[in-house]
Structure formats: C-alpha cells, structure tokens
4 protein chains.
Amino acid sequence: MNGNRFGRLFQVTTYGESHGDAMGVTVSGCPAGLELDADDVQKELDRRKPGQSMITTSRGEPDAVVLNSGTQDGYTTGTPIGMVIENKDARSGKYEPYVTAPRPSHGDFTYSAKFGTRNWGGGGRSSARETVNWVAAGAIAGKILDEHDVQVKAHVNQIGDVEAPPVTFEEMLEHTEENDVRCAHPETADRMMKKIEQYQKEGDSIGGSIYFETRGVPRGLGAPRFDSFSARLGQAMMAIPATTGFEFGLGREAREWTGKDRNEDWTFSEEGDPVPVGNKHGGIQGGITTGQPVFGEVTWHAPTSIPKEQKTVDWETGEEKDIQVVGRHDPVLPPRAVPVVEAMLNLTVVDFMLLGGHINPDRMDGQVGQYDTDYHPRSPDNE
Amino acid sequence: MNGNRFGRLFQVTTYGESHGDAMGVTVSGCPAGLELDADDVQKELDRRKPGQSMITTSRGEPDAVVLNSGTQDGYTTGTPIGMVIENKDARSGKYEPYVTAPRPSHGDFTYSAKFGTRNWGGGGRSSARETVNWVAAGAIAGKILDEHDVQVKAHVNQIGDVEAPPVTFEEMLEHTEENDVRCAHPETADRMMKKIEQYQKEGDSIGGSIYFETRGVPRGLGAPRFDSFSARLGQAMMAIPATTGFEFGLGREAREWTGKDRNEDWTFSEEGDPVPVGNKHGGIQGGITTGQPVFGEVTWHAPTSIPKEQKTVDWETGEEKDIQVVGRHDPVLPPRAVPVVEAMLNLTVVDFMLLGGHINPDRMDGQVGQYDTDYHPRSPDNE
Amino acid sequence: MNGNRFGRLFQVTTYGESHGDAMGVTVSGCPAGLELDADDVQKELDRRKPGQSMITTSRGEPDAVVLNSGTQDGYTTGTPIGMVIENKDARSGKYEPYVTAPRPSHGDFTYSAKFGTRNWGGGGRSSARETVNWVAAGAIAGKILDEHDVQVKAHVNQIGDVEAPPVTFEEMLEHTEENDVRCAHPETADRMMKKIEQYQKEGDSIGGSIYFETRGVPRGLGAPRFDSFSARLGQAMMAIPATTGFEFGLGREAREWTGKDRNEDWTFSEEGDPVPVGNKHGGIQGGITTGQPVFGEVTWHAPTSIPKEQKTVDWETGEEKDIQVVGRHDPVLPPRAVPVVEAMLNLTVVDFMLLGGHINPDRMDGQVGQYDTDYHPRSPDNE
Amino acid sequence: MNGNRFGRLFQVTTYGESHGDAMGVTVSGCPAGLELDADDVQKELDRRKPGQSMITTSRGEPDAVVLNSGTQDGYTTGTPIGMVIENKDARSGKYEPYVTAPRPSHGDFTYSAKFGTRNWGGGGRSSARETVNWVAAGAIAGKILDEHDVQVKAHVNQIGDVEAPPVTFEEMLEHTEENDVRCAHPETADRMMKKIEQYQKEGDSIGGSIYFETRGVPRGLGAPRFDSFSARLGQAMMAIPATTGFEFGLGREAREWTGKDRNEDWTFSEEGDPVPVGNKHGGIQGGITTGQPVFGEVTWHAPTSIPKEQKTVDWETGEEKDIQVVGRHDPVLPPRAVPVVEAMLNLTVVDFMLLGGHINPDRMDGQVGQYDTDYHPRSPDNE
C-alpha cells in the first residue's frame, strides 16, 4: 500500500506501527543552511507525547528522536533528513483478543480486509502513533517558516457540547499550552476537563474539534484547480486519524450566508495594496491565499477504544462475542492532536511556498549556484 | 502553475479559461475495452450545462464534447483520451472594468497577485467553467463504475436556511433530476426555488450544500495514512470552486457524540462476513472503506458575483470605486454542482479501485497479457 | 495506461494516435509573462514535419498547431497551455493487414498483448507521430531557455557506418539545418544522404545516432540520487521511439579510460570560480551539472517498417504469412528526430531549472506576489 | 533537494551520507503476505559490502540491516518497511583537505555549488555508499519476483580493454559470484583481475561495464510514451553513480544495422502465441516488453578518487594546490555494482508489474478484499 508520502516538494515519507520496533520519517526537500538539531524536533514531539496528563493514554513513551542524516555541524545540508523514534513501551498482549475479532468502529477490520493480515498490536499501522512522524517532520517545516515570519497556531475549541468562544491568535499563543486540554480559553478549558473526566469515569469517550489559524502566510499560495490551497489543506487535515470534517473560513455555516453579507469590499492597505475589509473568506480566494490569515476547524469523532461493553464477531471462529477494550487509550483526541494539526499546517504551507518560489529550494539564503563555506564549519572532532 | 492534474492512476489533466477558445481534458489510465463514445460524455455535460433554467447563468453554451483520441470503433484502447469542449458564448467586454479592480471576494485579485496577470474574461482560469472538464472525465470514470456495480448520487440538501430532511438513495435517484434545484425532496425543492428567486430578485446570492452517497464501493479502498479514502475525497471536494467545508459520516456533528453512541457493534452478514450494525461511520474506518455506503456533505458559499453595489479599488489608478457585477452569473451554486460532485466521487473511487487492484489497469476484462481481437472490429470505412 | 506525462514541475501531458482525429498536448507549469504565440510553436513543428524531403515519409501533414488556452494578448498567464494538432492525412486502409498479423519488430504486437486491442491505423499510439506533441511542448520550454541564455543543439552524427567527425557547437548552429539529413558536417551529410538513398532503393532502412550539446546550462541542476541530471536525461532520451542507447560525456568509451586520464584538474576561472580544465565529464559530476556544456549521444535502430519481404503470423487465423510494409515510412529516423532530441533537452533543462529555483515558477520576471498590469494590456477587441 | 525516491507504486525512499550515522530506506507498496526477514535483505547487502577483496575499498562495514516496520511474524503486512543500516567505520579526517578544495571530477564541487555546503566526509550524500539502500530495497523486490518466476542476473563484461565473450544466463548464474571481479567468464575474470591490480599498483583506476539479463519478465510491461520500459530502466541505470551509458538490445551498435537485418519475423510458439524468431530487440518493442529476455549494458567511468597526484583549487583561500586522494577507495566500480544493477532491475520490473496488474498491490495471493488469518499467527511472546 502506498499513501505513506506527503508533499510535492517538501516530501515526507513515513513508516512504523504502534507496537513495531520504531517509527521513522524521511524529510526530503529541506533547503540547506537551516539551523537544526534533534532538540528542535524533540521539543515538538514532547508536546504530542503520550502520558502527559490524566486525559491521555498512560503509555510511557520517551519519543526520543534520532537524526540519522541530512545535517552537518548543526545545519541542514539539502540532503534528506532521516529520523527514527523507537517504540519503547509496547504491550501487545492486551490486543490479542482483537486479532480476528475487530474492535467496533476501529481500523482493525478494514486493514485485515485490505491486506488479509495486519499488525494487530496497538492498532499497528492504523494507530495515531503514526502522527509522531508527522510532528517530527512538521517541526522542521516550522523552523523554515520561522525564518520566513510565518506562524501557525491551533487550540481545542470544542469538546462534546462544550464550545469555547472565539479567541485571538495572541490568546492561542498565550493560553493553549497552559492546560491539559489545550484550549486557549481558560475557563472553557476547565469545563472541557470536567466533561472529559466524566466520560472517562463512565468508560466512554467524546468527540471534539480544533480551530487553527495562521499569520504571515504570503499571498499567492495554492495551485488551483485540483491543488488549491484549500484542497491540499483539506487532504492534510482529513488524513489525521479520526477526523470527520474540515472547514475553512465560514465553513459549514457559509451555506446560510448571502453573497452580499459574505463578500468583502476591497480597500487599500497602508502600503497601497488592495486588501479586503474583512476575513470571512478565511484567507483563501479562488483557491489561492490572499495574505490574510488562513483559519478553519477540524472535527474528530470520539475515540473508538472504550472500556464499555460492546459486541463483535470473530471471523475465525464464527462466534459473536462481547468486547471491552482495556488498553491504554485517550478518552478524547483533540488535546494531543493540536501539535499534529500545527504540523500538517506547517508542512502544507512550506510545500506551497516551495512550489511558488517563496522559498529557495536549494538553500535558505544566498544565491542559487554559489558555493560557500558558511554552513560547514570544520567539525571540532577533526581539528 | 501546476495543480491541473487529478488522480494517481486514473489521471486527469485539464486546461482552459472561461472565455478562452476551448476547455480540454486528457484522461490517462482508462483500461482498454470500455464501451465509450462522445454521447456518454455529452449526457453528463448536458446536466451541468449553463442556461438550463431561470436559476442558472444565461450563458448559452452547447458544451459539445469532441473525443480526439483513445477509442476505436466505440471502445477505449487503453491509451489517453483527449477531449475538447469549445467555448462559444464568451462576452468578455463586461469584465473589462475588473481587470485592475478586483471583484469582492472573487479570485480576480489572487490570480493577479500570483502571476502578475490573468485571463480576466469571465474569471478566466478561476471560473467554475473548468468543471466542465471534470464532468467529462467523471463520465468516463462513471462508465467504469457501472461495469463494477458501483453507483454514486448527490442532491442539494440545503439552500440558505432551507434544509431538506434525510432522503434515501433511491429517492435521490428518482427525484434529484426532477427539479431545477436538484433537491431529491420535492417539497423542499419548491421552497428552495422560492428562496433562490427571492435573492435573485434582490440582486443577491446565497450559499448551500450537497449531500452525496455511494452504493457498491468495495471494502478495502484507501491508502492511509496520507492518502486515506477520506483525505483524498476531501481534497477532491475541496477543489470544487467555492466550497468551504467537507464532512463525511457524522461530519461536524461527530464532535458531540460519545464513543459508546457512535461506535457500531460487529455482526455477521448473511454471507458470514463481519459487518457493522450501522453506518454512522460513513463507510470509512481507519481511512479505508468498510463496504458500507460512503456519504457526506459539501458546503458552498454564495456566488461572489452579484449585481448589488459593492466597493473595490483599482490598483492601476489607485482609486476607490463602486462595482456592480452585471455579467451572467448563477445566484446559487449547488444545483449545477451536483454533477460535479458526482464526477469527483467517480474519479476518486475509480482511482482507488485501480490502486487496490479492483480494476485491471490494462483492460476491462480478460487476462492481463492476452491479445485478442474483440475490441477492434475492422472499421466499415476500410472494408 | 499511464506514461503520458513528462516533467515534475514543467508538466507535459499528451494524447493522440497516428491516425486519430488529433494529437494534443497540455503544458502545465509554464510561468506567466512569457511572450508566446502559435507561430513560436509552429516554427519548431515545421522542422519535424513529415514530407520535408525525399528521405522522410511522404505523408502530407500541415501539423498546424492551435493554442486553446494559457495565453492572453501574446503572453502566457501561468495557467495550462492546451494545444491541438489535427491529423489530416491519415490513410488507415494500408494498415489493415497488420491488425492481427503484427509487423516484425514493431509495437503492433506488444500493444495488442497489453491491451487486447490497439489503434492499428498508422501504428496508433505507438507511432513516432506522438513526438509532434513533444516538439510543441519543447518549443515553449525553448522560449523560456532563450530568456535565460541557455541553448541546446543537436545534429545527426552517424548513419549506418558513416560517421561525422566532431563538430563545434557553432558548426551545429550553422550547418545542421542546411541539409535534409541534419548533419552539421556538410561533406558527411552528402555521404549519409547517398547511403540512405541506397537503402531506400533496396526497400531497406538503416540506424543512426544524434549528438547533442548545451550552452549556458547553469551549474547545480540535478537531484541525485534517483533524479540525477543524467538519469532524468536518460529517461527523456530513451523515451524517444526506436532509441537503444543513451550516453553522455565519454559514454560507452569511458569503460576504457583510466581515472588519471579522465579526471580533470580544477583551476580558477577569470571570475575566480573553480572550473575543471576540460569537459570529458560531459557537464555532469555527481549527477549535478557543473556549468560546462552537457553533451552526449543517442542511438536509433533502423525503422522496422520496410517494403522488403518478411514473415509474420496472424493470431486470429493461426496462419503464417508474408508481409511487405508498404505504408509511407521514413528510411532512417535521426534526421527528423533532431528537433525531438532538442525538445526533450529543453523540457529536461527547464524542469530542473524550476526545481532548483533558477526560474521563478509563477512568472518570468518581477517579484513573486506582486500583481501588475504589464502582461495584460486590454484586448483591442474590447476597446 | 528531492530525488530520493524511486518507483511509482513500489516506492523506495532513501537517506544517508557516507559518514553519517546511518543509511535508511523505506519501501512502500510491497504487498502483504510476502515471507521476509532481515536475513533476506542481509544476504544481498553482503554481496555489495566493502572490504570483500583486494580490489574493493578496505572500509570495514558490517552493513547490518535492521527492519523497523512492515512485517509481522515473518511476513509483510502491506505497510511500509523501514530499514536502517548503521555506518560503523567512517573516518572523516582524511577528507578534510577537500572541504573547500574539490577532488578532480568528483561530486565535491557540484554539491557545494548547489547547496553552499555539503556533507564532506567520505563524499557525503554523493557517495556510492547510498547504493546500500538500493540493494536493501531491491532484495525485497527480488523476493516478490521469485514468487512470480522472474529472474534477473548481471555480470561484469568489460574492464578497461578486457572484454568477456558473450555468456549465457546459466553461466552468469553459475560463475558471476565465483570471482572477485564478478565476471561470469572465469578466464576473462583472471585477466580483468590482473588489469585492475596493475592500475591499483600505479595509483590509478579504470572504467568498465556490466551486462544484465532477465528471465520470465511478462510481456506487456511498460507505459510508453514517456514511461516506456526502456525509458524507466534507463533512468534506473543512469542513476547509479559513475555511469555514463545505458544500452539495451543491440545498443549503440544498432546504429549500424539495417532494418532487414535487425527485424525479426514472427512465428508461433508451442502454445500458439506469436513469438519473434530472435531477440535482437532486447525484449522490448514499442517501449513494451515482448516476453523475451530484456538485456543490455551499463558503462561506468573509472573511480575519480585516486592516489596519483592531481591539481585542484581552494575556493576559500584562492590558492591552487596539489591533491592526492588517499582514502579507502575502489580501483574499479563494476564488481561491486553487480548487485546494484540487479537491485535496480528488480525494482523496475516489480514496479511495472504492479502498474500493469501482474502483481496484486494489496497482497501476494488470495482475493482482494478477503481478510484471513494465515499471515498473522499469534506471536509466541503472547501465547
């Protein structure tokens, strides 16, 4: 099966199963001269890591990343960056009952129906553990965006029926990481937390959503018709496990707006450029970015692995049986998905910036075709 | 700019501007031996054609397709199918005021900002006219699906605040094409029609949405992680002009469901296969199809070209000015987008069936590597 | 069948059969602001056209190209350029005997074995007629290269055992187009011509080769390891019908050279840049261009369609039979392949220049993200 | 820089520098149910390993492969296979003089000119060490081919001016691995060996070539026009470091053959299929395989790293200087390239078999869409 690659010029390739030996990701297409070491990546992985709080799985993974290639003396060299993250705390035994008796609404069945087999430990390749690779790759993309003054940020804006009021970008930057639920509105975060704990206690789980927003994304990104900015961002977000909806701008609500109310007049910016008077368009017009912030929402369904009693069938024995999923599972997905959404945003934006000539594909700065020695100080080991 | 290609194995490539000489689409990857002539494609184009009713643009395009290659004696030959649809009724003059003074919330500005120029007549490359190519390609994909007993159908389920109740697949087949608004619930269709006419009279426009559903899509389609069935379907739908949201299964609503309520137990089908007891999952689990119908919704914002008075700026003269868009425009998009949604579904499903080995890539039937003469009866001209 | 696309960022997609209604090619990824009209393309097509001389097929094709999209007022707009070239002089009747009785060493059999059918008229999709599309696309690429001071040129350096002595780039520019055989060494051209006429008279055909060379290709092009400049150029050249060998630099002969003799010392250029003292390396080191001219050779086998008596079998009747191919065929391929080689070189170089950031993907000049009006003067029709 | 991916459906992605921490390769698209463990891969790596004999570099690499994902209980699961091979014996110090003073005719300069930097130890990313990844991926492809009765084999047919007479496929199978030079003609192997030792003694190096051949490649493979079997095989072979020529069938020599002499009549096979009476066509007609063996030759230039005195310049200091490359280097490349050529052949054939429907993309056997339990015996650890 293919499907393990993302990006046209900033190319990410991944492998790994939840209980396999290691997760791995190769980033090809990162320009040379980007300052990068394992800590830059680790910092992001730590945000996504399991076992951070009471509302995440208790699996104890250090998620320590190793960079096998692509850098020298702390700078990228333009060649592919291979990263490996070992799986340390896999306990497959608990998954054995599901080998031929799929968990309700999980990928257990579809993987087996496709391949005639599957890595069944911890959900194997279908596990959200895969997103550790995405966050690692996204961390590198994020470093590139930093150099181009582009920022992305996300927060959890709804859990079950608890919805946060709109927050500013600055509030997201300030508050998202302050609480376990990663909601930038502290008071709502408390209510979300209570809700989650309630479902957790009942052996149940709950859905939710994430709001994302960008700053500094240049105008002109996107390659409509099939690769419009919104189409590719939609693919990126819908690839995140357990998502059921993607919206940008007014999203689903746009169906109820008239043209007159939604349209935004043009005016001149201080620099004399045409700018729309508002941003109900969500930063994208005609499939191409306008230079205004891109924002939207992604919806997750509730985690399917729950301790409540459910029914399944065993296709080997032909028997119906009761099932209680007692592994270590998250009762809600968005809190740990915030860094994943940010990673996919990073990857999408960087890819389009490369495609549109906003980033030099060979090197972060300097002229194409000019060698220099700035990026390869001699290694101290050899001096 | 790239972005004019769709599909990994069933490869569609398009060109054309709204007021250019012709639209064109090349389909590469269609197996040999499919019965196909221009009428098969024309039939679908006629459904999408402008000027069908009072609620579509009055532009008078015959949208007559010509097949330049890829078939012989009424069957495909496995080689690329080149199609051309001439633009006959382009009147660019009305668009001249917008050359350097972009219409509010339209792609006028972003195309110029990206390229420093644009085909400004009728919106040029950013026009929904491009979807004539998609419908042409989708018609071929649909013919392949017919041979594999796969069906797709869509209808308009909401216009403004007028929402249709849930309808069955059979109701969609029966009623969708009966009314101008393409809503399968006749009574709602009437109410939608009135709503649209009201906005049209006011010189305004309105948003809406389409519900889609499939029958017979085999289980096992999808290539997670990045190319899960939902991710690629999301890209396909979000590429349709003016869409702002894509949902499948419970969609946005899933955020409010608990795991227990959304999860579906497994039972045995009559054939002894595991099947879920319901389809709240929307036909996709773990990014791979379960064999249940795939369904979802797509949202459109209101058309941006409206006769109501708005404000814009002219970047050449530096002046602010009033603008009234008086071309020929649709007051609402979903009615004409129904065949477009079906086309993108066809293309997505066929592509995944090819990727998963459900369709023989070289020929519709027979064994790979066996020549025969069934598909090339001698041409009468040569006898 | 796929395989109808070339290029990663400068994307060419083709269709068409020798005796179909039309050939077609879509170029996606051409920057905006390139001056371009049909004549620019026609000029190159005329060089490749059949019926130019006694040593080409007598098929009388005007090969008139129509541009359906992608330009406005004589400049490209950054959107895909769709081109169509109608087939006017197809006479399929002569090919009927081969429908189920393949011509020796031709693609007749393999196409039928792959697809169970084929467009049999004139060789259908397997015909060298397809290269009309390549030359059309290459003409656009060539225009881009002109703006970047890159030149490519080819000539026929061997026909049968008649080999031209080495010629300079300037001699190729001056003499290649002077004679029907397109050899830049006039005296050898005469000898080649006699040789070809002799084989033609005998009802036979003969192989040959083309030497190609570039000027101004910037250093730094190529994406090793799998997409090294030589690997992608090799693919491009081996895709040309009837080629059996690709060499660059010392080519096949390199096997007999020692490292000491082949290696080239580094010295400083007048500008103070490291330059090799020679160019036995053929302009490519480590899979990346050095800035020196890229040069090499491509070999063609003799055309397979010859009037001499041969034997074949009819898979429908099960009978052996004699065959004499009496259509209109070239007795030798390189003379008409010179513009094809140049086209594939153009396409390969432009694609790599886009990938390496040497060409702005959105527009030929100006800053990314700045709209302007220079490329869209109002059409006289509308004034 | 991209260029680290090979294959359309059997997708190989690589990373790693000669003196980096590790080499890595991800194989995506291998069907489920293939018996595979690390030993299958190791066996092939051992054939390519440095330090095997007096005529290879003395670098002591165990080249021990670790499989991080994609298999369970000894069978593939259809998910990506991540492999890592650590670099153990890197001694970068010797390369320090070349950081800003490039070795003659090596990739040192072009990498620095492209990226403004490079991994300079051991040639970094430009090193032939990368081919360890290709051999690892090719070993998996080879296992698939075994199951489909396809065989490939190569041997060294020329070193300098010492050329082997034609050998049979059986002789290649029997003799190639018997001698250090990997020539299937033992007597010629001895002469080659002496030649190499002579150049080695002189501090020089020498070029050479490899002949390859297949058995059992099905007819119908190839996707002309741009992805003809020969075009993609050409790319694969020209991607191998230090190659300067690719030929198949009569290769370069075809230029001197007439059509009559080269063409091959059709006759009936015992099974009643049309077969050509010979194989001067090299197993490919019209860009598609005929079912006859595919064969050809690849040429390598002499290794550029030689101890003989040469001249270079230092772009940092602006000084000219003498250079003697005293690392551990092969005096000739083809002997160790034999497994690399076989790997690239494996990868190319498997990719085309997947594209043409000859291999089920989801699983090695059984019906698409049928789950079973045969491939996932419970792990002993969990019993």
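Summary of computed values
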{"item": "Wholly enclosed strands (runs of 3 or more DSSP E) of the range D:1-81 bearing at least 3 residues of a type in the set (D, E, K, R)", "result": "none"}
{"item": "Candidate set: the range D:272-293, residues that are assigned to a loop (DSSP other than H, G, I, E, B) and among the β-branched types (Val, Ile, Thr); chosen: the one farthest from C:GLU130 (Cα to Cα)", "result": "D:VAL277"}
{"item": "Given (1) in contact with a strand residue (DSSP E or B) (Cβ under 8 Å, 6 or more places away or on another chain); (2) open to solvent by 10 Å² or more (accessible area, probe 1.4 Å); (3) at pLDDT 95 or above, number of the condition B:LYS280 does not satisfy", "result": "(1)"}
{"item": "Filtered residue count, the range C:237-257, keeping only those that are of a type in the set (Gly, Ala, Ser) and within 14 Å of C:ILE284 (Cβ to Cβ)", "result": "3"}
{"item": "Residue match in the range D:237-250 (condition: in contact with a helix residue (DSSP H, G or I) (Cβ under 9 Å, 6 or more places away or on another chain), farther than 24 Å from D:GLY7 by Cα and modelled with pLDDT of 95 or more)", "result": "yes"}
{"item": "Check on A:VAL275, at pLDDT 95 or above, open to solvent by 20 Å² or more (accessible area, probe 1.4 Å) and more than 26 Å from the chain's Cα centre (by Cα)", "result": "yes"}
{"item": "Selection status of D:GLY369, free of Cβ contacts under 8 Å to residues at least 40 places away in the same chain, at positive phi and touching a helix residue (DSSP H, G or I) at 6+ places or on another chain (Cβ under 8 Å)", "result": "yes"}
{"item": "Members of the range C:306-322 that are more than 8 Å from chain D (Cβ to nearest Cβ) and assigned to a loop (DSSP other than H, G, I, E, B)", "result": "C:PRO307, C:GLU309, C:GLU316, C:THR317"}
{"item": "Residue satisfying all of: in the range B:199-251; at the interface with chain A (Cβ under 7 Å from one of its Cβ atoms), assigned to a helix (DSSP H, G or I) and under 20 Å from A:ALA128 (Cα atoms); farthest from the chain's Cα centre (by Cα) among these", "result": "B:GLY251"}
{"item": "Hey, C:GLU197 buried (at least 24 other Cβ atoms within 10 Å of the Cβ) and in contact (Cβ under 8 Å) with a residue 40 or more places away in the chain or not", "result": "no"}
{"item": "All positions within the range B:20-41 that are crowded, with 20+ Cβ neighbours inside 10 Å and more than 14 Å from chain C (Cβ to nearest Cβ)", "result": "B:VAL41"}
{"item": "Scope the range D:294-305; condition assigned to a loop (DSSP other than H, G, I, E, B) and more than 7 Å from chain C (Cβ to nearest Cβ); matching residues", "result": "D:VAL294, D:SER305"}
{"item": "Some residue of the range A:48-66 being without any contact (Cβ under 8 Å) to a residue 60 or more places away in the chain and hydroxyl-bearing (Ser, Thr, Tyr)", "result": "no"}
{"item": "Residue count for the range A:345-370, restricted to those that are within 15 Å of A:PRO218 (Cβ to Cβ), open to solvent by less than 30 Å² (accessible area, probe 1.4 Å) and within 12 Å of chain C (Cβ to nearest Cβ)", "result": "5"}
{"item": "Residue, farthest from the other protein chains (Cβ to nearest Cβ), within the range C:62-78, restricted to residues that are surrounded by fewer than 20 Cβ atoms within 10 Å (Cβ to Cβ) and within 23 Å of C:PRO334 (Cα to Cα)", "result": "C:PRO62"}
{"item": "Extreme residue, nearest to C:THR14 (Cα to Cα), among residues of the range B:88-104 that are more than 9 Å from chain C (Cβ to nearest Cβ) and out of contact with any Pro (no Cβ under 9 Å at 6 or more places or on another chain)", "result": "B:ALA90"}
{"item": "The range D:254-268 residues that are among the aliphatic types (A, V, I, L, M), paired with ones that are open to solvent by less than 10 Å² (accessible area, probe 1.4 Å) (beta carbon under 6 Å, 6 or more apart)", "result": "D:ALA254/C:GLY207; D:ALA254/C:THR244; D:ALA254/C:THR299"}
{"item": "In the range D:239-251, the residues that are over 10 Å from D:MET344 (Cα atoms) and in contact (Cβ under 8 Å) with a residue 40 or more places away in the chain", "result": "D:PRO241, D:ALA242, D:THR243, D:THR244, D:GLY245, D:PHE246, D:GLU247, D:PHE248, D:GLY249, D:GLY251"}
{"item": "Residue in the range D:67-76 that is touching a residue at least 40 places away in the same chain (Cβ under 8 Å) and within 19 Å of the chain's Cα centre (by Cα) present", "result": "no"}
{"item": "Count of the range B:311-358 residues which are closer than 30 Å to D:GLY78 by Cβ and without any contact (Cβ under 8 Å) to a residue 12 or more places away in the chain", "result": "1"}
{"item": "When residues of the range A:205-217 are limited to those that are open to solvent by 10 Å² or more (accessible area, probe 1.4 Å) and in contact with a helix residue (DSSP H, G or I) (Cβ under 7 Å, 6 or more places away or on another chain), the one nearest to A:TRP300 (Cα to Cα)", "result": "A:GLU213"}
{"item": "Among the candidates A:GLU270, A:GLU256, residue that is within 7 Å of another protein chain (Cβ to nearest Cβ) and either open to solvent by 10 Å² or more (accessible area, probe 1.4 Å) or charged (D, E, K, R) (or both)", "result": "A:GLU256"}
{"item": "Tally, over the range A:252-271, of residues that are part of a strand (DSSP E or B) and of a type in the set (Ser, Thr, Tyr)", "result": "2"}
{"item": "Residue satisfying condition, being among the acidic types (Asp, Glu), in contact (Cβ under 8 Å) with a residue 60 or more places away in the chain and either touching an Asp or Glu at 6+ places or on another chain (Cβ under 9 Å) or under 25 Å from D:ASP39 (Cα atoms) (or both), within set D:ASP161, D:ASP180", "result": "D:ASP180"}
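The values are calculated or read from the model by the stated rules, or taken from the named source; none is laboratory data. In this text the structure is predicted, and so the values were computed from the model without any measurement. Cβ atoms come from the backbone with ideal geometry, glycine included; neighbour counts cover every protein chain shown. Calculation scope for accessible area: heavy atoms of the full protein, side chains included, ligands and nucleic acids excluded. Shrake-Rupley method; radii C 1.70, N 1.55, O 1.52, S 1.80 Å.
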